[in-house]
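All remarks here apply to the structure that follows.
The values are calculated or read from the model by the stated rules, or taken from the named source; none is laboratory data. Nothing here was measured: the structure is a model prediction, and the numbers come from that model. We place every Cβ from the backbone using ideal geometry, glycine too, and count neighbours over all the protein chains shown.
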Amino acid sequence: MLEKGIISTRQFILMLFIIITSFTALQVPGLLILTAGRDAWLSTIGGWLLDVLLAIVYAYLGVRFPGENFVQYSLTILGKYIGGFFGMLFPLFFLMVCSLLQRGLSQLINFAFLPTTPFAVILISGALIIGYSARKGIEVIGRVSEVLGPIYFFSILVLVGLIIPSADIQRLQPQLDQGFYPFLIGSPFILTFYGICIIMGMFIPLNNRIENGFLSKFIAVSMGAFVVGATVTLAVGVFGDNIAKNMISPSLNLTRMIFVGGFIERMEIVWMMIAVGAGIMASSMMIWAFSLGISQIFSLQSYKPFVIPGVFLSSTLALTSFGGNAENTQFIHFSYPLIAFAIETGLILFLLLMALLLKKRGKAS
């Protein structure tokens, strides 16, 4: 096995939670509000339900092919060449996600906190930490997530409690005033961001209890859906949907609203430190999964030689793929969901169908 590390169920849950919530620091909540309007909070519930259904498929494949991740059982199901082609799509998807995370977090830091610092300097600084973390392996990433995850979650609970008094529930009304269309469009949109936890297929073989795959995903996506739902609900309740949908980061603007007793303020600094830490860990997981997947496709002995090239490719894409923030937002809003849906849902269901039709199982099942 290329990765000999083992993670606990607790670490599994918190790693998935960090991946989901790392995107809430970016423009995703604003884009969801743009898509679903005042019904955005309903879409977070719809997306959660759809993702739970997909988690059943992910967990079943993990049990049907014990000791294998989805890159490996792509090869088992479809053979060396066809399976290698489809299996390659998974690490390439993780590389794309890492690039989007790197660019989004770097833009946010540049815009909100370090406007005079060159964008490239911020991005490259983060890339160095991402590469270092990914090379350390899954156990180190799991331990860091075990520390950072609870801090992130409980900090969000405190921030939500402090922001609630500023919200006006009338801004959330009426619901479904444009019918079910916004809800039906918003649910699959946010699903594609919850669905990044397809990476659970890379974690399951390394979990000390593989039968906990579904439970881990269920708890993680429930925590993540709560964070996303609270963010969009408070953003609409505080700012109104017409303003919130145009914000680069609604969650950042919400933390700037906190002012308690004349001495509790500037909470966005604390929030940003936690969010950046979560984003770096999520990016490290993506690079780790990319490197591991590529090395398994080519039957190599170690994934670590691919870490640095992976970080270089991801950082290069983040720097050069878009001319500005508007182009990046357009891609995330329109192109990314189609790509993500094809991988997170279409490809996984295809592999499940082929496994059933060809009666393929893992060697240990």
Neighbours by Cβ (under 9 Å, 6+ apart or cross-chain): first from the stretch 54-77, touching a residue at least 40 places away in the same chain (Cβ under 8 Å) and within 13 Å of Leu89 (Cα to Cα); second outside any loop (DSSP other than H, G, I, E, B) and hydroxyl-bearing (Ser, Thr, Tyr): Phe70/Tyr58
Verdict on Leu356 being closer than 22 Å to Leu61 by Cα and surrounded by 12 or more Cβ atoms within 10 Å (Cβ to Cβ): no
Search result, residues across the stretch 121-149 that are in contact with a helix residue (DSSP H, G or I) (Cβ under 7 Å, 6 or more places away or on another chain) and either aromatic (Phe, Trp, Tyr) or loosely packed, with under 14 Cβ neighbours inside 10 Å (or both): none
Single condition Lys359 does not satisfy, out of (1) within 25 Å of Val236 (Cβ to Cβ); (2) at pLDDT 90 or above; (3) not in a helix (DSSP H, G or I): (1)
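Suppose we keep only residues that are touching a Phe, Trp or Tyr at 6+ places or on another chain (Cβ under 7 Å) and crowded, with 23+ Cβ neighbours inside 10 Å within the stretch 19-36. Which one would you say is modelled with the lowest pLDDT? Explain how you work it out, then say what you get.
From the stretch 19-36, those touching a Phe, Trp or Tyr at 6+ places or on another chain (Cβ under 7 Å) are 20-21, 23, 28, 32, 35-36; that's our starting set.
Now narrow it down to the ones that are crowded, with 23+ Cβ neighbours inside 10 Å: 20-21, 23, 28, 32, 36.
Working: Ile20: 87, Thr21: 85, Phe23: 76, Val28: 89, Leu32: 94, Ala36: 94.
That would be Phe23.
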Qualifying residue in the stretch 321-329 (condition: closer than 29 Å to Pro29 by Cβ, in contact (Cβ under 8 Å) with a residue 24 or more places away in the chain and within 18 Å of the chain's Cα centre (by Cα)): yes
Complete set of residues in the stretch 272-308 that are surrounded by fewer than 18 Cβ atoms within 10 Å (Cβ to Cβ) and over 17 Å from Lys136 (Cβ atoms): Met273, Phe298, Ser299, Leu300, Gln301
Pair list, Cβ < 6 Å and 6+ apart or interchain, from the stretch 204-219 residues that are aliphatic (A, V, I, L, M) and crowded, with 18+ Cβ neighbours inside 10 Å to residues that are modelled with pLDDT of 85 or more and in a strand (DSSP E or B): Leu206/Ile7
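For the stretch 43-62, indicate whether the set of residues that are among the acidic types (Asp, Glu), more than 15 Å from the chain's Cα centre (by Cα) and either at negative phi or surrounded by fewer than 20 Cβ atoms within 10 Å (Cβ to Cβ) (or both) is non-empty.
Going residue by residue through the stretch 43-62, those that are among the acidic types (Asp, Glu) are 51.
Keeping just the survivors that are more than 15 Å from the chain's Cα centre (by Cα) gives none.
No, that holds for no residue.
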